[in-house]
Amino acid sequence: MQLELVKRDAPSGTMLFAAPFLAIGLTLLTSGILFALMGFNPFEALYEYFVSPLTELWSVHELLLKAGPLILIALGLAVCYRANVWNIGAEGQFTMGAVFGSIPPILFPEWTGPLTLPTMLVLGIIGGALYGSIPALLKVRFRANEILTSLMLAYIALLILDYLVRGPWRDPGGFNFPESRNFSDEQSLPVIVEGSRLHLGILLSFLMVPVMWFFMSRTLAGHAFKVVGEAPRAARFAGFSSSALVYGSLILSGALAGLAGIMEVAGPIGELRPTISPGYGFTAIIVAFLGRLNPWGILMAGLLLSLSFLGGEAAQITIGLSDKMARVVQGLLLFFVLGCDTLVRYQIRFSFGAPKTAEQSAAPAAPVTQGAGDAA
Amino acid sequence: MLLEGILITIVGAATPIVLAAIGELVVERSGVLNLGVEGMMIMGAVCAFGAALATGNPYAGIVVGAAAGVGMALLFGLFTIYLASNQVATGLALTLLGLGLAGLIGEDFVGTPGVRLEAITIPGLSAIPFIGPALFDRDILVYLSFAIVAGVAYVMFRTRAGLVLRATGENAEASHALGRDVRLIRLAAVAFGGACAGLGGAYLSLALTAQWTEGMTAGRGWIALAIVVFATWLPGRLLVGAYLFGGVIILQLHGQALGINVPPQAMTMMPYLATIIALVILSRNQALMRRNTPAALGRAFVPDR
C-alpha cells in the first residue's frame, strides 16, 4: 500500500473549517493514550484537563487572563507568517516590551499621574517594536535568516531582564530578592471585574481581534502582507516593497508582543521578575497556526491553548499529573494542526498493488506510508 | 596549564554542536530544513541519561539517545515529507514537543547523579603537549564526532550515494525523473540527522555533565542550525565553525579566571550574540551563499501521478 497526495484545484472549503477540529480530536486521542500509558484513567485525566477549568467562575477568569497575551502575540505573528516572515522570537519582544514599559515605575517611581500608565504602555509598544525591528534590519540589510536571529534575540532578551532584576533594577528594600519594586496603583492596569484579576489589558487584547481582522481583510496594507507571502512576484508587480513588508510585519508583531509584555507586568504580576512568562511567545506560535492565521480563529485558538495551561495546573493539583504535560499537549496539537493542513490542499489516496508507471516503482516503503495514514 | 585547560573545555563545548550540526548538514543537503534540532537533541539527552542510569552502562545510553533522535526525526519526516506539511512550522513543532516530552520523561531524573562516559586514552598521541589531553584522552563521542564529519565529507563528495543526496537537494524533480525515490532519500537523511542530534544530546547528559537538568540543551540545537549556514553546507568548515563557537561558549567559564569583570549574564549571552554576528557576516556574502545553498531547501516534494 502506498500514500499519494493529489493536489486539489482549490483549497477544500470543508477541510478549511474541519481541519482544526480534526487536529484537536487527534490531540485529545493521543493525549488520552499518553495519560493511560502514564497510569492515569484517560477519561478522568482528559476531564480534569479540558473540562474542569470551565466549571468554576474564577477559573474562567483565569482562562481569559492567560488567553489575553496569547491572542495579542499571535495576532502579530499571524501577520508575519502571512508575509512569509518567520518571527519566532516573540518571547524576546514580549520581554523587551515589559522592560521598556517598566522604565517609568522603576526609574521614576515618584512620577505618578494620569499619564503614567499610558506612557508605560506606549514604551512597551516601542520596546517590542524596536526589538522586532532588529531581525528585520538584519534580514533586509544582510539577508540573515530571521528564524535564527529572532530566536537568538529572545535568549538575549531573557538574559537582559535577568541582569536588570538581579542588578541595577533590584528593589532596594526587597531583601535581595531578584525583583523590582512593586508597581503602585497608578502604575498598574485597573481591574475590570470585581474580585478577579481580569484587568483592562485583557479587554484591550480581545478588542484587537476585530481591529486586526479589519486591518488584514479590509485595508491595502493588510492585503499587501498576504500577497507578498502567497505570490511574491505578483507583489513585486503590484509595487509592494518586500523590504517594507519585512520591516512592517516584524515591527507590528513586535509592538503587539511588547504591549502584551508590559500589560502582563503592569497587570497580574505588578513588578519585574526574572521570569514573567510561561512561554507565551512560543505558545502563541501554536495559537497563530491553530487559528489558521485568521484573527477570529486566533481568538478561539488562544482560549483553547490557555485552557491547556490551566488544565495542566488543575490536573497536577487534583490527580497529580505532571505539569510538564501541558507542553507535550501543546506540541502535539501543533503537529496535528500542520498535518491536517495537508487535507486542505491535497486529497490523500491510498493505492494498492503495482504503481502505474515505471518511474513510480521506486516508491516509498510500506511501513512509512502506514504511519502517515494513521496520522492523516 | 591554563591554555591546556581551555583547549580541553573547548572540545567539550564544541562536540555536541559538531554532532548536531553535521547531521543537520546532511538533512539540508537533501533539501529538507529541520528546525527541530533542539527538540531531537534534548530528547537524546534525556533518553541517554535514563538508559545509562537504568543499565549502568553509558554506551547503552549513547545507543538509546541516538534512537530517540531518530524516533523524533521520523515523526518530522512523516509529516513534512509524506504529508508535505510546512517544514519550518513542523520543525518548530518538533522542538516544542521535544522540550515538553523531555521535561516529562526527565522529571524524576532531576538531581540524580548520572553515569559518566569514561575517557578512552589513546596511547602515545595523548602525550602530545597541549593537544594530546584535549583530543586524544577523550570519550568515544568526541572521536565519533570527528569520524562522522570525515565520513560525511567523504560520502558526500566522493561517492555515488553522496551525489544522489546532493542532487535531490538541488533539484528534487530531476532526481525523481531519474527514478530516484526522493521521499525515501530525504527520510533517510532526516533519520541520520536525528541520530546525530540524539548523539549530541547524549554527549551533554553523559559526558559534559553526567546529569539531567530541564532545558539543558540551552539553544545548542539552534546554534547548530546556524553553524550549518555559517559553514555554507561544507563539512570541513562546519568543524571549524563549531570549534570557534566552542571557544566563545567557554569564555563564560574562563572569563572570571582571566580577570574579565562583566556580569555573568553578559557572558552567557556571548554564544547567542556570536551566532547573530556570524550569520550576518556570512549572509552578506551572497555569492558564497548561493554557490552552496541546496536549491530545493525547504520545499516539499510531492511526486506527480
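Results, tabulated for the structure shown:
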| read-out | value |
| --- | --- |
| Residue within region B:103-121 that is in contact with a strand residue (DSSP E or B) (Cβ under 9 Å, 6 or more places away or on another chain), over 24 Å from B:L74 (Cβ atoms) and hydrophobic (A, V, I, L, M, F, W, C) present | yes |
| Out of B:R186, B:R138, B:R180, B:R158, sole residue that is charged (D, E, K, R) and without any contact (Cβ under 8 Å) to a residue 12 or more places away in the chain | B:R158 |
| Selection status of A:S150, among the hydroxyl-bearing types (S, T, Y), part of a loop (DSSP other than H, G, I, E, B) and in contact with a Phe, Trp or Tyr (Cβ under 8 Å, 6 or more places away or on another chain) | no |
| Test: residue in region B:293-305 that is more than 8 Å from chain A (Cβ to nearest Cβ), of a type in the set (K, R), closer than 25 Å to B:E28 by Cα and in a helix (DSSP H, G or I) | no |
| Of all residues in region B:130-174 being of a type in the set (S, T, Y) and in a helix (DSSP H, G or I), the one that is nearest to B:I22 (Cα to Cα) | B:S145 |
| Tally, over region A:137-159, of residues that are of a type outside the set (A, V, I, L, M), crowded, with 24+ Cβ neighbours inside 10 Å and either free of Cβ contacts under 8 Å to residues at least 40 places away in the same chain or within 7 Å of chain B (Cβ to nearest Cβ) (or both) | 1 |
| Condition met for A:A98 (within 19 Å of A:I286 (Cβ to Cβ) and surrounded by 24 or more Cβ atoms within 10 Å (Cβ to Cβ)) | no |
| Test result for B:V248, without any contact (Cβ under 8 Å) to a residue 60 or more places away in the chain, more than 11 Å from chain A (Cβ to nearest Cβ) and closer than 29 Å to B:A150 by Cα | yes |
| Enumeration of residues in region A:160-188 that are more than 13 Å from chain B (Cβ to nearest Cβ) and out of contact with any helix residue (DSSP H, G or I) (no Cβ under 7 Å at 6 or more places or on another chain) | A:D171, A:P172, A:G173, A:G174, A:F175, A:N176, A:F177, A:N182, A:S184, A:D185 |
| Set A:F94, A:F35: member being of a type in the set (F, W, Y), farther than 22 Å from A:R197 by Cα and assigned to a helix (DSSP H, G or I) | A:F35 |
| Matching residues, region A:109-136, being in contact (Cβ under 8 Å) with a residue 24 or more places away in the chain and within 10 Å of chain B (Cβ to nearest Cβ) | A:P135 |
| Condition met for B:G114 (closer than 18 Å to A:L34 by Cα, more than 7 Å from every other protein chain (Cβ to nearest Cβ), touching a residue at least 24 places away in the same chain (Cβ under 8 Å) and not hydroxyl-bearing (S, T, Y)) | no |
| Residue in region B:209-223 that is assigned to a helix (DSSP H, G or I) and under 29 Å from A:Q2 (Cβ atoms) present | no |
| Set B:A66, B:A73, B:A84, B:A93: member being away from chain A (no Cβ under 12 Å), hydrophobic (A, V, I, L, M, F, W, C) and closer than 21 Å to A:V337 by Cβ | B:A73 |
| Qualifying positions in region B:175-189 - out of contact with any Gly (no Cβ under 6 Å at 6 or more places or on another chain), in a helix (DSSP H, G or I) and of a type in the set (A, V, I, L, M) | B:A177, B:V182, B:L184, B:I185, B:A188, B:A189 |
| Residue within region B:276-292 that is away from every other protein chain (no Cβ under 13 Å) and either part of a loop (DSSP other than H, G, I, E, B) or surrounded by fewer than 18 Cβ atoms within 10 Å (Cβ to Cβ) (or both) present | yes |
| Subset tally (residues that are within 7 Å of chain A (Cβ to nearest Cβ) and not aliphatic (A, V, I, L, M)) for region B:96-111 | 3 |
| Enumerated helices (runs of 4 or more DSSP H) restricted to region A:293-376, each holding at least 2 residues that are away from chain B (no Cβ under 14 Å), surrounded by 15 or more Cβ atoms within 10 Å (Cβ to Cβ) and at pLDDT 60 or above | A:295-319 |
| Residue count, region A:4-32 (criterion: among the hydrophobic types (A, V, I, L, M, F, W, C) and part of a loop (DSSP other than H, G, I, E, B)) | 1 |
| Criterion: more than 28 Å from A:H61 (Cβ to Cβ), at pLDDT 95 or above, of a type outside the set (K, R) and surrounded by fewer than 18 Cβ atoms within 10 Å (Cβ to Cβ) - qualifying residue of A:L164, A:L130 | A:L130 |
| B:T95 being under 19 Å from the mean Cα position of the chain (by Cα) and of a type in the set (V, I, T) | yes |
| Within region A:270-292, tally of residues that are part of a loop (DSSP other than H, G, I, E, B) and either under 20 Å from A:L259 (Cα atoms) or at pLDDT 95 or above (or both) | 10 |
| Scope region B:253-305; condition of a type in the set (V, I, T), under 29 Å from B:M156 (Cα atoms) and out of contact with any strand residue (DSSP E or B) (no Cβ under 6 Å at 6 or more places or on another chain); matching residues | B:T275, B:I276, B:I277, B:V280, B:I281, B:T293 |
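To keep it simple, each residue is scored yes or no on (1) touching a His at 6+ places or on another chain (Cβ under 9 Å); (2) under 30 Å from A:Q347 (Cα atoms); (3) among the polar types (S, T, N, Q).
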site: A:R8; (1), (2), (3): no, yes, no
site: A:L16; (1), (2), (3): no, yes, no
site: A:L29; (1), (2), (3): no, yes, no
site: A:I33; (1), (2), (3): no, yes, no
site: A:A45; (1), (2), (3): no, no, no
site: A:E56; (1), (2), (3): no, no, no
site: A:H61; (1), (2), (3): no, no, no
site: A:L65; (1), (2), (3): yes, no, no
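Residues checked against (1) among the polar types (S, T, N, Q); (2) surrounded by fewer than 24 Cβ atoms within 10 Å (Cβ to Cβ); (3) farther than 21 Å from A:D162 by Cβ:
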site	(1), (2), (3)
B:A189	no, no, yes
B:L204	no, no, yes
B:T217	yes, no, no
B:R220	no, no, no
B:A224	no, no, yes
B:A231	no, yes, yes
B:I260	no, yes, no
B:A266	no, yes, no
B:P271	no, no, no
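The values are calculated or read from the model by the stated rules, or taken from the named source; none is laboratory data. All of these numbers come straight from a predicted model, not from anything done at the bench. For neighbour counting, all protein chains shown are included, and Cβ atoms are generated from backbone atoms with ideal geometry for every residue, glycine included.
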